[in-house]
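What follows is one structure encoded as structure tokens, with my remarks underneath.
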């Protein structure tokens, strides 16, 4: 059976080891972030038509990432390009203007008598 002092000594050593690893972990995270920023910057330089559609790009890349979790990030970007172009072309066909100010909500001319007993309680 461990005494209280021995338990605290084990805890202190574990905490010390964890704190000594912290700079290495943070350094790796910073290097990874810098690498991803560089890749993303190059991606937008290679595809300037995507700059105004960053939400679409992010959505498609997230979908591709979910489908190809083990793939390299550059490969995921390459797989996402056709789908990004497809979605951007769909957005171009949408009418994003203001809707009409008045909407006809008169439904009195519509016949709502049931033709079957479906849904009758």
Of the listed peptides 87-95, 108-116, what is their order by residue-averaged count of other C-beta atoms within 10 Å, with the highest listed first?
87-95, 108-116
Mind ordering 23-29, 44-50 by average Cβ neighbours within 10 Å, highest first?
44-50, 23-29
Which distance in Å, rounded to a whole number, links the C-alpha centroids of the stretch 2-55 and the stretch 81-97?
35
On C-alpha positions alone, give me the angle between the axis of helix 73-93 and the longest principal axis of the chain, in degrees, nearest 10.
20
Calculated P(r) tail over 17 Å for the stretch 1-86, as whole % of Cα pairs:
63
Stokes-Einstein D for the stretch 48-92 at 10 °C, 1.306 mPa s, Kirkwood Rh over Cα pairs, in µm²/s?
150
Compute the long axis of helix 54-67 from its Cα atoms, compare it with the longest principal axis of the Cα atoms of the chain, and write down the angle in degrees, 0 to 90, nearest 10.
70
Tilt relative to the chain, helix 4-46 - C-alpha long axis, 0 to 90 degrees, to 10:
50
Percent of Cα pairs exceeding the 12 Å cut-off, where the set is the stretch 1-46:
72
Restricting to Cα pairs under 8 Å and 6 or more apart, the percent relative contact order of the chain works out to 16
Only helical DSSP H runs with n ≥ 4 go in: add -39500 (n - 2.57) per run for the chain, normalise by residue count and round the 222 nm mean residue ellipticity to 500 deg cm²/dmol.
-23000 deg cm²/dmol
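None of the figures in this text is laboratory data; all of them are computed from the coordinates on show. These numbers come from a predicted model, not from an experiment. Quick reminder, even Gly has a Cβ in these numbers, built from the backbone with ideal geometry, and neighbours come from all protein chains shown.
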